[in-house]
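The structure appears right after this line, and notes come after that.
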Amino acid sequence: MIKAVISGTGLYTPPAIIENDELVEAFNQYVELYNSEHAEEIARGELTALQPSASAFIEKASGIKRRHVIDREGILNPKRMTPHIPERSDDEPSVQCDMAVVACKEALEQAGKTVDDVDAVIVACSNLQRAYPAVSIEVQQALGIQGFAYDMNVACSSATFGLQAAANAVENGTARAVLVVSPEICSGHLNFRDRDSHFIFGDACTAMLVEREEDVKPGQGFEIVGTRLVTKFSNNIRNNFGFLNRADESGVGKPDKLFIQQGRKVFKEVSPLVASTIQGHLESLGLAPDNLARMWLHQANLNMNQLIARRVLGRDATVEEAPVILDEYANTSSAGSIIAFHKHKEDLKAGDLGVICSFGAGYSIGSVIVRHR
């Protein structure tokens, strides 16, 4: 039986950083401009005055302190509040391709492999910058990989769903090695004019190389012990942007064409579902929560992660058991749990077990149990 192993990981972090104080200052300037421009409508009760944001509110609500982004100037311009990412010609590499290549090269280097060892590329992320040709095929060409590639989207669970697809390809002999890449430009679909969500997202790209166990050096990497995927339809996290928008001009530019969510409902409904998914997954493999040395959870909200870890373990998790990176990166959608894995895996010993778990829009949940070799 062929076993799949995560032999290397990579990360691209945009150099631009926005601190909470900077984001709040820009947002509050926008609020002042809006309330001033619409003072008469607000006075007549036709519009509701916008309320300012605060750094203390952001950190308490989410645990986020800063975020890395592709462009900060456009976001911090109160008259724009959108990143400025110029379009490129069809002959130039796309932004997501450039991000992916950096992350993939680090994953290959960490695994001690070259592009000649790779048979497939899966680009798995929340939002792709175009419908076709597939970004994954562009990445495949940029790296010089022979074989096949495809894009997939399961929102914040894209990376873990992609990880299962890669493991399946390796285990059934379709590919010797597969790169799973998540170039997340979340700032492009975030409404920076919305007080409840303007602070949530950042940009980043992760990559994982999944190989046959026999091709990985002894003691290197993490064996994929098992995967479990769960989906349950919900409108509580949604983005209605798509090619059909032009068929009804009345909806163009409306808030639902960017990220929207019912945060309290998501917290209440998703947290127990994630915890029960992890517990059931462990049980199906003959494992117990106490067997977990680490939980690399989706980095969306600190309070949510702490609650999920507590439900799974039956006690509060230490920062070593459930590492946090969202204070530095904010929510990077599907890349979040992989960033945590990338940055907090080297201290584990041979035989140590962990779970990579993502959750988000769909709802979608991906649980991947791994064992350090």
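The values are calculated or read from the model by the stated rules, or taken from the named source; none is laboratory data. Remember, it's a predicted structure, so these values are computed and weren't measured experimentally. All Cβ positions, glycine included, derive from the backbone under ideal geometry; neighbour counts span all protein chains shown. Heads up: the accessible areas ignore ligands, DNA and RNA and are worked out on the full protein's heavy atoms, side chains in. Shrake-Rupley method; radii C 1.70, N 1.55, O 1.52, S 1.80 Å.
Among the residues making up region 141-166, those that are in a helix (DSSP H, G or I) and either among the aromatic types (Phe, Trp, Tyr) or open to solvent by 40 Å² or more (accessible area, probe 1.4 Å) (or both) are 141, 142, 161, 164.
With respect to the stated conditions, residue 100 fails to be farther than 26 Å from residue 18 by Cβ, surrounded by 21 or more Cβ atoms within 10 Å (Cβ to Cβ) and either in contact with a strand residue (DSSP E or B) (Cβ under 9 Å, 6 or more places away or on another chain) or among the β-branched types (Val, Ile, Thr) (or both).
Would you be able to say whether some residue in region 261-280 is modelled with pLDDT of 95 or more and of a type in the set (Phe, Trp, Tyr)? No - not one qualifying residue is present in region 261-280. Just one of the numbered conditions (1) open to solvent by 60 Å² or more (accessible area, probe 1.4 Å); (2) of a type in the set (S, T, N, Q); (3) part of a helix (DSSP H, G or I) is not true of residue 129: (3). Could you go through region 200-220 and let me know if any residue there is charged (D, E, K, R), open to solvent by 50 Å² or more (accessible area, probe 1.4 Å), under 27 Å from residue 273 (Cβ atoms) and touching a residue at least 40 places away in the same chain (Cβ under 8 Å). No; the residues of region 200-220 include none that is charged (D, E, K, R), open to solvent by 50 Å² or more (accessible area, probe 1.4 Å), under 27 Å from residue 273 (Cβ atoms) and touching a residue at least 40 places away in the same chain (Cβ under 8 Å).
Contact annotation: residue pairs with Cβ atoms under 6 Å, 6 or more positions apart or on different chains, pairing a residue in region 223-236 that is over 23 Å from residue 260 (Cβ atoms) and touching a residue at least 12 places away in the same chain (Cβ under 8 Å) with a partner that is assigned to a strand (DSSP E or B) and open to solvent by 40 Å² or more (accessible area, probe 1.4 Å), are 223/371; 225/371. Which residues, taken from region 53-75, are farther than 10 Å from residue 16 by Cβ and either charged (D, E, K, R) or open to solvent by 20 Å² or more (accessible area, probe 1.4 Å) (or both)? Passing the criteria: 54, 55, 56, 57, 59, 60, 61, 65, 66.
Scanning region 15-31 for residues that are outside any loop (DSSP other than H, G, I, E, B) and either open to solvent by 40 Å² or more (accessible area, probe 1.4 Å) or under 30 Å from residue 171 (Cβ atoms) (or both) returns 17, 19, 21, 22, 25, 29. In the set 34, 12, only one residue is aromatic (Phe, Trp, Tyr) and either in contact with a Pro (Cβ under 8 Å, 6 or more places away or on another chain) or open to solvent by less than 40 Å² (accessible area, probe 1.4 Å) (or both); that residue is 12.
Within region 103-120, the set of residues being open to solvent by less than 60 Å² (accessible area, probe 1.4 Å) and either of a type in the set (Lys, Arg) or assigned to a helix (DSSP H, G or I) (or both) comprises 103, 104, 107, 108, 111, 113, 115, 117.
Quick check: anything in region 75-96 more than 30 Å from residue 146 (Cα to Cα) and polar (S, T, N, Q)? Checking region 75-96: at least one residue is more than 30 Å from residue 146 (Cα to Cα) and polar (S, T, N, Q). Residue check, residue 83 against (1) open to solvent by 50 Å² or more (accessible area, probe 1.4 Å); (2) touching a residue at least 24 places away in the same chain (Cβ under 8 Å); (3) part of a loop (DSSP other than H, G, I, E, B), all met but one. Which one? Residue 83 satisfies every listed condition except (1).
Within region 232-257, the set of residues being more than 19 Å from residue 186 (Cα to Cα), surrounded by 14 or more Cβ atoms within 10 Å (Cβ to Cβ) and within 19 Å of the chain's Cα centre (by Cα) comprises just one member, 234.
The number of residues in region 72-87 being touching a Leu at 6+ places or on another chain (Cβ under 9 Å) and charged (D, E, K, R) comes to 1.
Within the option set 36, 53, being in contact (Cβ under 8 Å) with a residue 12 or more places away in the chain, of a type in the set (Gly, Ala, Ser) and at negative phi holds for one residue only, 53. Listed by first and then second residue, the pairs linking a residue in region 137-166 that is more than 17 Å from residue 99 (Cβ to Cβ) to a residue that is among the basic types (Lys, Arg) and surrounded by fewer than 23 Cβ atoms within 10 Å (Cβ to Cβ), with Cβ atoms under 7 Å apart and 6 or more places separating them unless they lie on different chains, form an empty list.
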